[in-house]
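Here's the structure, in structure tokens; my notes come after.
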Amino acid sequence: QVQLVESGGGLVQAGGSLRLSCAASGLTFSSYNMGWFRQAPGKDREFVAAISWEGGRMDYQDSVKGRFAISRENAKNTVYLQMNSLRLEDTAVYFCAADRIRLSRSWVTRNPDDYDYWGQGTQVTVSS
């Protein structure tokens, strides 16, 4: 059974930092690009960041560039999202997703429909 389990969410003050983790099991982790998405109430799910299978390529939504950093440790089957300088608008449920690499696809994708597996999400709440 494939599982993606997020952790690290919680309540943090604006300007603070938080690191999310996503532990994967039941899959060959290095065969998947990994992504982070988020969804706030009343808003569409949006792409946050993605990282290629070997960790060499990263992509970020403009609003998080310079503040968030995605990384992975394939030996630990884990992908991370370091979030710094958090803002109120970062409040959302954050989802980890796995995208099996395919010859026809580029390194990473922002399209949630391209992802094969999803975690249950972890709540991040930024307060003033």
>> Condition first: among the aliphatic types (A, V, I, L, M), buried (at least 18 other Cβ atoms within 10 Å of the Cβ) and within 24 Å of Ser25 (Cβ to Cβ). Now tell me which residues in the range 85-111 satisfy that.
In response: Val93, Ala97, Ala98, Val108
> Taking the range 112-128 as the region of interest, how many residues are outside any strand (DSSP E or B), touching a strand residue (DSSP E or B) at 6+ places or on another chain (Cβ under 9 Å) and surrounded by fewer than 15 Cβ atoms within 10 Å (Cβ to Cβ)?
Replying inline: 3
> Is it the case that some residue within the range 105-126 is more than 14 Å from the chain's Cα centre (by Cα) and under 22 Å from Gly9 (Cα atoms)?
Replying inline: yes
> Which residues, taken from the range 13-26, are surrounded by 17 or more Cβ atoms within 10 Å (Cβ to Cβ) and either within 13 Å of Gln82 (Cα to Cα) or at pLDDT below 95 (or both)?
Replying inline: Leu18, Leu20, Ser21, Cys22
>> Can you report the number of residues in the range 73-84 which are open to solvent by 30 Å² or more (accessible area, probe 1.4 Å) and either closer than 15 Å to Leu4 by Cβ or touching a strand residue (DSSP E or B) at 6+ places or on another chain (Cβ under 9 Å) (or both)?
In response: 6
> So which residues in the range 47-78 are among the acidic types (Asp, Glu), over 19 Å from Gly8 (Cβ atoms) and at pLDDT 95 or above, if there are any at all?
Replying inline: Asp59, Asp62
>> Restricting to the range 53-72, and then to whatever is among the aromatic types (Phe, Trp, Tyr) and over 17 Å from Phe29 (Cβ atoms), can you tell me which residue is surrounded by the most Cβ atoms within 10 Å (Cβ to Cβ)?
In response: Phe68
>> Within the range 1-67, considering only strands (runs of 3 or more DSSP E) that don't extend past its boundaries, which have at least 1 residues that are of a type in the set (Lys, Arg)?
In response: 18-25, 32-39
> Which of (1) under 11 Å from the mean Cα position of the chain (by Cα); (2) modelled with pLDDT under 95 does Asn33 not meet, given it meets every other one?
Replying inline: (2)
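The values are calculated or read from the model by the stated rules, or taken from the named source; none is laboratory data. Keep in mind the model is a prediction, meaning the values are calculated, not measured. Ideal geometry is used to build each Cβ from the backbone, glycine not excepted, and the neighbour counts take in all protein chains shown. These area figures cover heavy atoms from the full protein model, side chains too; ligands, DNA and RNA do not enter into them. Shrake-Rupley method; radii C 1.70, N 1.55, O 1.52, S 1.80 Å.
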